[in-house]
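Working notes, structure below.
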């Protein structure tokens, strides 16, 4: 029996049915034709430990292996602590703190999550590009996924793009909702001359499910589930029904009791790229939100 080598540098998979290689990679491993060709071009795709140079027939029981070479990343390492929620050879999931950009911009070139992950990879002697699977706004906290290789990035990103994940957020709104649960369907549009997104008929369709979990005299804790992935979707969708997120200075107003928008990515369900097992990640509500509503 051929040994299946699996580690941070190699992904091995036992073929479960006869097929053409490219079709199998697309349908079973969710690799596009372009990505498959890139692996072939770099001699990183093997069948039964032999380098593949073109499409071919494969048989049940064959071993496909993808080899990941060393890479460089563009981010300066900075020793900023990471709160790691989950980690495998393929991915790193962290609890992103508020007030941090995910990656540098022209006006903010360092002290970002990318710099922090770069430092962590360096300490782990992992020479890879930093590939973010999802994005969170600067002042949004919670679950952030980083892929450790091009295969896992492709596999996970496609789940997000196809809405095959479960993505849930917790937010605190100013006031109360008459309807304690519901679905908000909007169209979200970006005006090139405005930093804000808008709800209007020109936009892309979005769907958000919401449920009020707890209330006090002034505020409500609301769970939101994204059924699409639009920028600022929760902030705009709630605002469209008169529910404004506490501390959201862009779409509402600043707050004296929290110095950012009270929005936290707290639950993610997805399929693992190597084992194909269902995985659930839960990220506890941060203290600055807890003290307001719990």
Sites residue 205 and residue 18 - FRET efficiency at Förster radius 41 Å, r taken between beta-carbons, to 0.05: 0.55
Taking R0 as 22 Å and r as the Cβ-Cβ distance between residue 269 and residue 249, the FRET efficiency 1/(1 + (r/R0)^6), rounded to the nearest 0.05, comes to 0.10
Provide 121, 276, 155 in ascending order of the number of other Cβ atoms located within 10 Å of each residue's Cβ, fewest first. 276, 121, 155
Of all DSSP beta bridges with both partners in the chain, the antiparallel percent, nearest 5, is 95 percent
Neighbour-count ranking [beta-carbon atoms within 10 angstrom, fewest first] of 191, 139: 191, 139
Tell me the angle of helix 150-161 to the major Cα principal axis of the chain, expressed in degrees between 0 and 90 and rounded to the nearest ten. 40 degrees
Could you give the nm distance between label points at residue 277 and residue 34, where each point is 7 Å from its Cα heading toward the beta carbon? 3.3 nm
When the C-alpha atoms of region 142-281 are aligned to their principal axes, what extent does each axis show, in angstrom, from largest down? 46, 37, 28
Value of relative contact order over the chain, rounded to a whole percent, pairs C-alpha under 8 Å and six or more apart: 14 percent
Region 167-265 - percent relative contact order, Cα under 8 Å, separation 6 or more: 32 percent
Return the distance in nm (one decimal) between the two label points of a simple spin-label model at residue 187 and residue 231, each offset 7 Å from Cα along Cα→Cβ. 1.9 nm
Send over the Kirkwood Rh of the chain, from the inverse of the averaged 1/r over different Cα pairs, rounded to one decimal Å. 21.0 Å
For the chain, longest principal axis from Cα atoms; helix 113-123 axis from its Cα atoms; angle between them, nearest 10 degrees, is 40 degrees
Against the rule of thumb 2.2 N^0.38 Å, how large the Cα Rg of region 10-67 comes out: 0.96
Multiply the residue separation of residue 257 and residue 291 by 0.36 nm, subtract the distance between their alpha-carbon atoms, and state the gained length in nm to one decimal. 11.3 nm
Quick check on the chain: helices-only [θ] at 222 nm, where DSSP H runs of length 4 and up contribute -39,500 (n - 2.57) each and the sum goes over total residues. Nearest 500, please. -5500 deg cm²/dmol
Calculate, in nm to one decimal, what residue 54 and residue 78 gain on full extension: separation in residues at 0.36 nm each, minus their alpha carbon distance. 4.5 nm
Measure off 7 Å from each Cα along the Cα-to-Cβ vector at residue 127 and residue 103, then give the distance between these two points in nanometres to one decimal. 2.1 nm
What list do you get for 90, 23, 194 if you sort them by fewest beta carbons within 10 Å? 194, 23, 90
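Coordinate-derived values only; no laboratory data. Worth saying up front: this structure is predicted, and the values here are computed from it rather than measured. Positions of Cβ are backbone-derived with ideal geometry, glycine not excepted, and every protein chain shown enters the neighbour counts.
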